[in-house]
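The values are calculated or read from the model by the stated rules, or taken from the named source; none is laboratory data. These numbers come from a predicted model, not from an experiment. All Cβ positions, even for glycine, are placed from backbone atoms using ideal geometry, and neighbour counts span all protein chains on display. Calculation scope for accessible area: heavy atoms of the full protein, side chains included, ligands and nucleic acids excluded. Shrake-Rupley method; radii C 1.70, N 1.55, O 1.52, S 1.80 Å.
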Amino acid sequence: MFETLTAPAPDKIFQLTGQFAADPRPGKVDLLVGLYRNADGVTPVMGAVKEAERRILEAQTTKAYLGFAGDAAFISGMRDLLLADAVPEARIAGIATVGGTSAMRQILELVRTLTPDAQVWVSDPSWPIHAGMTDHLGLARRSYRYLDRNTNGLDRDGMMDDLRNARAGDVIVLHGCCHNPTGADLTLADWEEVAAICLKTGAIPLVDMAYQGFGAGLVEDAAGTRLLAQKVPTLFLAASCSKNFGLYRERAGVALIATSEGARAAAQGHLTAMNRNNFSFPPDHGARCVDLILHDADLRQMWDAELTAMRDSMTRNRRALADALRAETGSDRFGFFAAHQGMFSLIGASPAQVAALREDHGIYVVGDGRMNVAGLTVDNIPKVARGLAAVLG
Ligand SMILES: Cc1ncc(COP(=O)(O)O)c(C=O)c1O
């Protein structure tokens, strides 16, 4: 069966990671994969997670199956973390998923099942899986302008103009915060505008929230999503616990639908059936850690403090890089690094410039010019600034 087939192209980021590992140059800098790293270059297990795991191991008496939707306390904890009281609980359906990727997948597959003619609007650029998954599911994909390549900020007018072409039932994929890969986020006024467009066109927003707490704070990062939830009749929400709980490989996430009270049971039934048909039961370990952390005052406080420290370190890195580039170039043209939010920034480089950074300076960013700012350290920032100034200056 496979004799005549060629393998799909391997993931480019993981390919570059292999190249980085094989690079013998001392002082090489890895700003590639989307992992938080502390100043020692380590992606730590958070203390709150370690403590939650200890408690789980001690107390757990069975590994018997849970329901298809997953742990109800985890889902309600995540619902509160994401939406607070923006929407009454009675209007929200939810399932635990296999990380944030599968939350996106369950929702998009549900869209394909229920409204196969819907178009899915994806920002240009976006996390590549948004386009890949939409295409894989055979849904029609449209792209909307997002980044102003002159300023490396949001192309607000382009985005809104494009989204005004959405049709009723179309799905608009939005990054809840810390846009991947650009780092450029919407203001609350922009979220208002998106809500107005959804109301006018009948398009349904699908918020992908993979970095809550990595931008300005847990509440601040969810403000746009909450605003949208209050205004539109239906909201899809896919959330990941990979980054803000550091649970990457445990695969914890939720898919939520905020709809009318009357429609909630149907939405819940369809979401649950989606889990059943794709993997029956979602993984439990990471979800249970999150459940414990969100519902225990001490663990929650500990987690909050650790998350704040991670966020502060990325913000410090951003400012330090912008300052170093100002000193290096004598201009403010790299000020966008400090204005962006979250773990990523697009550095505004062509593929040839990305290759030059790698080959001439040992600085590894993704091929589209995405830099993981969590990979910056006090020690490597001067080198990165010199490399960027030399290649882009
Ligand atoms: C924008 C975006 N959405 C979703 C995810 C999914 O994360 P995970 O499936 O690891 O929870 C990521 C991870 O990199 C992401 O960047």
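Viscosity 1.306 mPa s, temperature 10 °C: Stokes-Einstein D of the range 65-295 from its Kirkwood Cα radius, in µm² per second?
Working: Rh = 17.3 Å.
In µm²/s, the coefficient is 92.
Using alpha-carbon pairs under 8 Å, 6+ residues apart, how would you state the relative contact order of the chain in percent?
On the way: 733 pairs, mean separation 100.1, N = 393.
It comes to 25 percent, rounded to a whole number.
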### Directionally averaged projected area (convex hull, Cα atoms, the chain), nm²
20.8 nm²
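Per-residue ellipticity at 222 nm for the chain, helices alone: DSSP H runs ≥ 4 residues times -39500 (n - 2.57), over residue total, nearest 500 deg cm²/dmol? Don't skip to the end; give the middle numbers.
On the way: 14 runs with 183 residues, N = 393.
Helices in the chain give a 222 nm mean residue ellipticity of -15000 deg cm²/dmol.
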### Query
Can you tell me the accessible area per residue over the chain, all protein chains present, probe 1.4 angstrom, in square angstrom?
44 Å²
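For a quick check of your reading of the filter: which chymotrypsin sites (Phe, Trp or Tyr not before Pro) in the range 230-310 sit in a DSSP loop and have no more than 15 other Cβ atoms within 10 Å? Could you put the intermediate results ahead of the total?
On the way: sites: Phe236, Phe245, Tyr248, Phe279, Trp303; in loops: Phe245, Phe279.
Taking the range 230-310 and a limit of 15 other Cβ atoms within 10 Å, the loop chymotrypsin sites (Phe, Trp or Tyr not before Pro) found are Phe279.
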### Angle between the chain longest axis and helix 264-278 axis [Cα atoms, degrees, rounded to 10]
70 degrees
## Note on the structure
In the chain, lysine pairs 8 or more places apart or on different chains with C-alpha atoms under 29 Å apart total 11
### Task
Working from Cα positions, state the angle (0 to 90°, nearest 10) between the long axis of helix 218-231 and the longest principal axis of the chain.
50 degrees
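So which trypsin sites (Lys or Arg not before Pro) in the range 62-157 pass both tests, a DSSP loop state and at most 13 other Cβ atoms within 10 Å of the Cβ? It would help to have the intermediate numbers written out before the result.
On the way: sites: Lys63, Arg79, Arg91, Arg105, Arg112, Arg141, Arg142, Arg145, Arg149, Arg156; in loops: Lys63, Arg149.
Answer in residue order: Lys63, Arg149.
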### Query
By how many degrees, 0 to 90 and rounded to 10, does the Cα axis of helix 188-201 deviate from the longest principal axis of the chain?
50 degrees
### Query
Using DSSP loop states and a limit of at most 12 other Cβ atoms within 10 Å to flag GluC sites (Glu not before Pro), what is the longest stretch of the chain containing no flagged site?
4-260
### Query
How much of the accessible area of the chain, in percent, comes from carbon and sulfur atoms when a 1.4 Å probe is used?
54 percent
